[in-house]
Amino acid sequence: MKIYKEKEVVNLMIDIYYKKKIKKDKSMESEKEDLKKYCAYRLSLCPFKDNKPFCSNCKIHCYDKVHKELIKKVMRFSGPRMLIYHPLLAIKHLIESRKNKKMVKEK
Ligand code: SF4
(Lines give C-alpha, C1' and ligand atoms only; values in the text may rest on other atoms or scores of the structure.)
Protein backbone atom coordinates (compact mmCIF):
# COMPACT_ATOMS: atom_id res chain seq x y z
CA MET A 1 0.00 0.00 0.00
CA LYS A 2 1.21 3.47 -0.81
CA ILE A 3 2.36 5.36 2.26
CA TYR A 4 0.10 8.38 1.67
CA LYS A 5 -2.91 6.03 1.40
CA GLU A 6 -1.95 4.17 4.56
CA LYS A 7 -1.63 7.46 6.44
CA GLU A 8 -5.16 8.34 5.34
CA VAL A 9 -6.60 4.98 6.47
CA VAL A 10 -4.77 5.06 9.81
CA ASN A 11 -6.02 8.61 10.48
CA LEU A 12 -9.61 7.59 9.75
CA MET A 13 -9.30 4.63 12.12
CA ILE A 14 -7.82 6.84 14.83
CA ASP A 15 -10.70 9.31 14.38
CA ILE A 16 -13.26 6.52 14.85
CA TYR A 17 -11.50 5.21 17.96
CA TYR A 18 -11.33 8.60 19.66
CA LYS A 19 -14.71 10.01 18.58
CA LYS A 20 -16.67 8.93 21.68
CA LYS A 21 -13.67 9.09 23.99
CA ILE A 22 -13.18 12.79 23.24
CA LYS A 23 -16.89 13.52 23.76
CA LYS A 24 -16.51 12.13 27.29
CA ASP A 25 -13.06 13.51 28.00
CA LYS A 26 -11.60 16.43 26.02
CA SER A 27 -8.11 15.65 27.28
CA MET A 28 -8.06 12.59 24.99
CA GLU A 29 -7.68 14.99 22.04
CA SER A 30 -3.95 15.35 22.72
CA GLU A 31 -3.47 11.56 22.84
CA LYS A 32 -5.25 11.29 19.50
CA GLU A 33 -3.10 13.97 17.88
CA ASP A 34 0.07 12.45 19.34
CA LEU A 35 -0.82 9.05 17.91
CA LYS A 36 -1.59 10.51 14.47
CA LYS A 37 1.72 12.38 14.44
CA TYR A 38 3.62 9.31 15.63
CA CYS A 39 2.08 7.06 12.95
CA ALA A 40 2.78 9.62 10.22
CA TYR A 41 6.36 9.95 11.45
CA ARG A 42 6.96 6.16 11.49
CA LEU A 43 5.40 5.81 8.05
CA SER A 44 7.57 8.57 6.64
CA LEU A 45 10.67 6.71 7.90
CA CYS A 46 9.50 3.28 6.76
CA PRO A 47 12.50 1.48 5.19
CA PHE A 48 10.20 -0.35 2.74
CA LYS A 49 8.95 2.92 1.19
CA ASP A 50 6.03 2.29 -1.19
CA ASN A 51 6.66 -1.47 -1.21
CA LYS A 52 5.87 -1.67 2.45
CA PRO A 53 3.75 -4.43 3.91
CA PHE A 54 0.81 -3.45 6.09
CA CYS A 55 2.24 -2.48 9.47
CA SER A 56 0.20 -5.29 11.02
CA ASN A 57 2.07 -7.77 8.77
CA CYS A 58 5.49 -6.20 9.27
CA LYS A 59 8.34 -8.25 10.72
CA ILE A 60 10.26 -5.19 11.92
CA HIS A 61 7.38 -3.32 13.52
CA CYS A 62 9.15 -0.08 14.22
CA TYR A 63 6.64 1.35 16.74
CA ASP A 64 7.71 1.80 20.35
CA LYS A 65 5.92 -0.33 22.94
CA VAL A 66 3.43 2.33 24.09
CA HIS A 67 2.32 3.35 20.59
CA LYS A 68 2.30 -0.27 19.41
CA GLU A 69 -0.20 -1.20 22.14
CA LEU A 70 -2.27 1.90 21.44
CA ILE A 71 -2.47 1.34 17.69
CA LYS A 72 -3.42 -2.31 18.29
CA LYS A 73 -6.39 -1.11 20.37
CA VAL A 74 -7.32 1.34 17.62
CA MET A 75 -7.18 -1.36 14.94
CA ARG A 76 -9.22 -3.83 16.99
CA PHE A 77 -11.90 -1.23 17.71
CA SER A 78 -12.03 0.64 14.42
CA GLY A 79 -11.36 -2.22 11.98
CA PRO A 80 -14.91 -3.60 12.06
CA ARG A 81 -16.42 -0.09 12.30
CA MET A 82 -14.68 0.98 9.10
CA LEU A 83 -17.32 -1.12 7.31
CA ILE A 84 -19.99 1.22 8.69
CA TYR A 85 -18.21 4.56 8.31
CA HIS A 86 -16.15 3.94 5.16
CA PRO A 87 -17.44 0.69 3.55
CA LEU A 88 -15.70 0.92 0.16
CA LEU A 89 -12.38 1.86 1.67
CA ALA A 90 -12.75 -0.90 4.28
CA ILE A 91 -13.42 -3.62 1.70
CA LYS A 92 -10.56 -2.44 -0.50
CA HIS A 93 -8.27 -2.35 2.54
CA LEU A 94 -9.34 -5.85 3.60
CA ILE A 95 -8.63 -7.30 0.14
CA GLU A 96 -5.24 -5.59 -0.07
CA SER A 97 -4.38 -6.70 3.47
CA ARG A 98 -5.09 -10.36 2.66
CA LYS A 99 -3.04 -10.17 -0.54
CA ASN A 100 -0.25 -8.47 1.37
CA LYS A 101 -0.31 -11.07 4.17
CA LYS A 102 -0.01 -13.87 1.58
CA MET A 103 2.85 -12.04 -0.16
CA VAL A 104 4.73 -11.58 3.15
CA LYS A 105 4.31 -15.30 4.00
CA GLU A 106 5.69 -16.33 0.59
CA LYS A 107 8.87 -14.25 1.05
S1 SF4 B 1 5.79 -1.13 11.17
FE2 SF4 B 1 6.99 -1.91 9.45
S3 SF4 B 1 5.80 -1.37 7.64
FE4 SF4 B 1 5.00 -0.13 9.33
S5 SF4 B 1 6.14 1.79 9.20
FE6 SF4 B 1 7.26 0.45 10.62
S7 SF4 B 1 8.79 -0.60 9.36
FE8 SF4 B 1 7.27 0.27 7.97
Margin query: Give the average over all directions of the projected area of the C-alpha convex hull of region 1-54, one decimal, in nm².
Written below: 3.4 nm²
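Taking the highest mean first, how do the peptides 7-16, 47-56 order by number of other beta carbon atoms within 10 angstrom per residue?
On the way: 7-16: 18.0, 47-56: 13.3.
So the peptides 7-16, 47-56, ranked by packing, come out 7-16, 47-56.
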Check: Roughly how many debye, to the nearest 20, is the charge dipole of the chain about its Cα centre, given +1 on each Lys and Arg Cβ, -1 on each Asp and Glu Cβ, and no other charges?
Finding: 360 debye
Next item on the list: Could you state the accessible area per residue of the chain in Å², with a 1.4 Å probe and every protein chain left in place?
Entry: 70 Å²
Next item on the list: Express the relative contact order of the chain as a whole percentage, based on alpha carbon pairs under 8 Å and six or more residues apart in sequence.
Entry: 35 percent
Margin query: Using all alpha carbons of region 3-106, what is the percent of pairwise distances in each 10 Å bin, ordered from the shortest bin to the longest?
Written below: 14, 47, 33, 6, 0
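The values are calculated or read from the model by the stated rules, or taken from the named source; none is laboratory data. Because the structure is a prediction, the values reported are computed rather than measured. All Cβ positions, glycine included, derive from the backbone under ideal geometry; neighbour counts span all protein chains shown. For the accessible areas, the whole protein counts, side chains as well, though only heavy atoms, and no ligand, DNA or RNA atoms are used. Shrake-Rupley method; radii C 1.70, N 1.55, O 1.52, S 1.80 Å.
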